[in-house]
Amino acid sequence: MDSSYLPSQKQPSPADRSAVRAAIRRLAERVSMIVWEADIEGRCTYLNPEVARAFSSPADVHIDDWFAHIHPEDAPGAIAKIQEARRHARQYQLEYRVSRADGSVRWISDTGAPRFAADGNVAGYLGTLVDVSENHEVRARLMRSEIVHRLLTENACDLISYSDANHVYLYVSPSHKDTLGYETHELVGTHLSDYIHPDDLGAKPAKTENGRRGLVNIRFRHKHGHWVWLGASTRTVRDPQSGAKLGVVAIARDITNQLEAGRELARREERFRSLTTLSSDWYWETDANIRFSFFSEGMYQRLGKRATELLGTRFEEHIADPKASGYIACAESVAARKPFHDLIYPVWSITQPGEVRFLRISGEPFSEEGVFCGYRGVSRDVTHEVRTATALEHLATRDPLTELPNRELLQRRLRHCLEDRGHDAMLAVFFIDLDNFKEVNDSLGHAAGDALLKEIAQRLRRCVRPDDTLGRLGGDEFVVLAECKFGDSSAIRLGDKLCKALDQSVVIDGHELRASASVGISMFPQDGESSEALLQSADTALNRAKAAGGNCFRFYTPDMSAESRTRMVRHAALRHALDRNEFVVYYQPRVDLKTLRMTGVEALLRWTHPQLGAVSPADFIPLAEESGLIDDITDWVLQRATEQVQHWTIRYGIPFKISVNLSARQLRNKKILGSVVHALGRSGLQAGQLELELTESALMEDADTAAILLKELKALGLRLSVDDFGTGYSSLAYLRRFPLDCLKLDRSFLLQSQSDEVSPWKLAEAVINLAHTLNLSVVAEGVESEEHLAFLRTTKCDEIQGSCISDPLPPADIELLLRASLSQRLSA
């Protein structure tokens, strides 16, 4: 362990204290830095290694030992500040002198900060002592130099300055304020050339009659922006040993009065130069007949055309589009003798015949003695900017894949259409969504999906009129805005046309695909008076079309919004149902068909909301699957059901099965594996007592992934069953690829009416026999009558479940059944 960091030890003896004080005296004499840490009593627990070597232990040193070496003049104030900071558990930083034995002093920077324990109380302090004597000496020398310098220059009327070898001001005399308007601090640190007129940067001093260097005349920028003529004398300061340039001393004075005439001439030249370069491109003038009479050289530089070739021509001779709004505004301004600014219009290229360029032009009329003489102005070639803006506008308002208007442009056109046509217009919004687009992306890849979307866009273009608007919102969603003069009948014809056009097969990468679509239709004004409302209504109608099986269209009706709002409220409430303990698990018994003894129960989730009341599983389970809440809900059901059945198993000695339903979503990842392991481990239930139920459609959605996951679940020792058999693919042979234990015959086999042709009961008996051939046990669901029970007893069905035996019951009612079963066994 580093000896510089040790816990506090016992107090040193007087002899040791003397040694400690001597060591601290030596540190005060020469050490450059001390890093320390002390406990709440001020006893050091850490010293940096260089300092720690002077002591047998950091604990020998108390942080207040240092106070004895603070200079007597600084000690009272310094000690008071440090102790005040410690009393209030604040950090501190100050500088003071430390006395040496020879009478000299050192400047020390003392910094400390409280150290807090885990409970928030102060556990001690830590800090540093750093020698900063050199910094103080440098500042003292600079201060003395500054005083001498000011005495030499503060009363001078001339402008005295000193700059370094790179011509950066290091000093300027106060007289600069009177002559140039600058405070000294505004010039110091800036470059001399920033203030000298560009034309005077290379000016050479004149020679006097005796051959000595004379003054150099330069223009220096005043703080207010104007130029001041100065006559300056400069001398270079060099290093006496190396001869290297160290800086330049300059003495200057205002010579404005002597050069008044020259300055006036310079201003006029500058004014003319500024006028001719008003624009970054070219300056022009016309005569009173609005014919060009002058062009600056900038025109040749930008367009490659000599000005003389265009003199005498008029504006309109170069216009590519007389209807352009910029040209119309320009012509109107000229006719009214008014100025115009930043107008853009197309012109024919001077150097490339047939090519269109774009100019930005500004101009104003000018007169002499009240007589109109023409226009003068500036022009710029902005072809690149206009084309770039057009391209950006296209990118911002067009779908890059199909070149159709995107959501922003579509809504803009819809708003304009509603504003222009008013309430008398009969408009329809068609919201189109492809039915099976995700399958194309998943099976053939996004490139094939993009190709399909392009084909869909082409088909939709062929269905609509030139005045209609077709756009793509994103993904596989399209929108058509069309005028329907005959109301619903026109919309029906177009909706039917759209569905038929999209239902035709298309070949993508050698695969024949059917791209059917669902269409929702909203009508203006009855279904909404704004673009947002119409799109929302059409989207709501689209959901109804999808619910109807797709490949069809549906009109919006007001009751759809009520259903959507109800669905939204349920969705929001569902997110809090678990946290608010609104769920409860019911259990429906399964019994052996021969003995009618209970063999297990199926866990069925029920939800009762304080305001919504009892919500059907058919309503909230799809919402849970869509929102992703189904994972957390299933975890909760698994935990609650396994704990409940384990409790019954121990109490009644009946190790019956518990069935829990899984959704298709849970077969897409392996999270359910962890959930099952956790539930079994926490409840103590044997894996063989747990049965997971999956629907045919869930298994077939991604059969390969499902097969892998089910094998891993099966390896845990639990049972797997296929639920609602007969409502999906109904292929026993296909189900052989899954490690299933049980088949649950769907209630529809028993509830359907018997026909003269093929009886559903006969089909049920055939399915039972085939299932046994595949070593699958069979549970018949929906057994609701004695007739159903009598039929099933003629078959080889293993178990039954339904209201004929028992409805789903809360745990307390299942307890009653178990007690009755226990009593029967005991009496037997």
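The base-10 log of I(q)/I(0) for segment 348-475, evaluated at q = 0.19 Å⁻¹, reads -1.11 [Debye formula, identical scatterers on Cα atoms, solvent excluded]. A 1.4 Å probe run over segment 563-610, with the rest of the protein chains in place, finds 56 Å² accessible per residue. For Asn121 and Glu626, the difference between the fully extended length at 0.36 nm per residue and the C-alpha to C-alpha distance is 176.7 nm.
How big is the charge dipole of the chain about its Cα centre, in debye rounded to the nearest 20, if each Lys and Arg gets +1 on its Cβ and each Asp and Glu gets -1 on its Cβ?
2180 debye
Computed on segment 416-539, with alpha-carbon pairs under 8 angstrom and 6+ residues apart, the relative contact order is 38 percent.
Under 15 Å from the Cβ of Val248, count the other residues' Cβ atoms, weight Lys and Arg +1, Asp and Glu -1, and hand me the total. Taking every Cβ under 15 Å from that of Val248, the sum is +3. Under the combined filter of DSSP loop state and at most 11 neighbouring Cβ atoms within 10 Å, segment 545-627 retains these trypsin sites (Lys or Arg not before Pro): Arg580, Lys594.
Site pair Arg567 and His191 shows an inter-label distance of 6.7 nm when each label is modelled 7 Å from Cα along Cα→Cβ. Relative to the dominant Cα principal axis of the chain, helix 14-30 is inclined by about 60°. Three principal axis extents of segment 535-580 based on alpha-carbon atoms, in descending order, are 40, 21, 16 Å.
The DSSP beta bridges internal to the chain are antiparallel in roughly 85% of cases. Taken over the C-alpha atoms, segment 430-490 has Rg and Dmax values of 13.5, 42 angstrom. Against the main long axis of the alpha-carbon atoms of the chain, helix 531-547 sits at an angle near 30°. An oblate overall shape is assigned to the chain, the ratio a/c of its alpha-carbon gyration tensor axes (a ≥ b ≥ c) being 1.5 or greater and a/b not exceeding b/c. Residues Glu50, Glu691, Glu285, sorted by accessible area with the largest first, give Glu50, Glu285, Glu691 [1.4 Å probe; ligands and nucleic acids excluded]. The overall shape of segment 374-430 is oblate: from the C-alpha gyration tensor, with semi-axes ordered a ≥ b ≥ c, the ratio a/c is 1.5 or greater and a/b is no larger than b/c. Rounded, prolate or oblate: which fits segment 22-125 when a ≥ b ≥ c are the square roots of the eigenvalues of the alpha-carbon gyration tensor, with rounded for a/c under 1.5 and prolate only if a/b beats b/c? Judged from the Cα gyration tensor, segment 22-125 comes out oblate (a/c at least 1.5, b/c at or above a/b). In this rough spin-label picture, where each label sits 7 Å from Cα along the Cβ direction, the His576-Ala614 distance is 2.4 nm. Out of the total accessible area of the chain (probe 1.4 Å, heavy atoms of protein only), what percent is carbon and sulfur? Looking at the chain in its full context, I get 52 percent from C and S. Surface analysis of segment 362-471 yields an accessible area of 54 Å² per residue, using protein heavy atoms and a 1.4 Å probe.
Protection proxy ranking of 174-180, 807-813, by the mean of other Cβ atoms within 10 Å over each peptide's residues and highest first, is 174-180, 807-813. A Cα-only calculation for segment 591-668 places Rg and Dmax at 15.2, 45 Å. Shown here are the Rg and Dmax of the Cα trace of segment 461-595, at 21.0, 75 Å.
Greater than 24 Å separation of Cα atoms is the criterion. Which listed pairs, Lys657/Lys796; Lys177/Lys245; Lys670/Lys796; Lys177/Lys204, meet it? Too far apart for the 24 Å limit: Lys177/Lys245; Lys670/Lys796; Lys177/Lys204.
Couplings for segment 313-329, taken from phi via the Karplus curve 6.51 cos²θ - 1.76 cosθ + 1.60 with θ = phi - 60°, read 8, 10, 3, 5, 6, 10, 6, 8, 9, x, 8, 4, 4, x, 5, 4, 5 Hz in order; Gly and Pro are left as x.
Normalise the Cα radius of gyration of segment 490-537 by 2.2 N^0.38 Å (N = residues in it) and let me know the number.
Output field value: 1.56.
The values are calculated or read from the model by the stated rules, or taken from the named source; none is laboratory data. This structure is a prediction, so every number in the text was calculated from the model and none was measured. We place every Cβ from the backbone using ideal geometry, glycine too, and count neighbours over all the protein chains shown. What goes into the accessible areas is simple: the full protein's heavy atoms, side chains included, and nothing from ligands, DNA or RNA. Shrake-Rupley method; radii C 1.70, N 1.55, O 1.52, S 1.80 Å.
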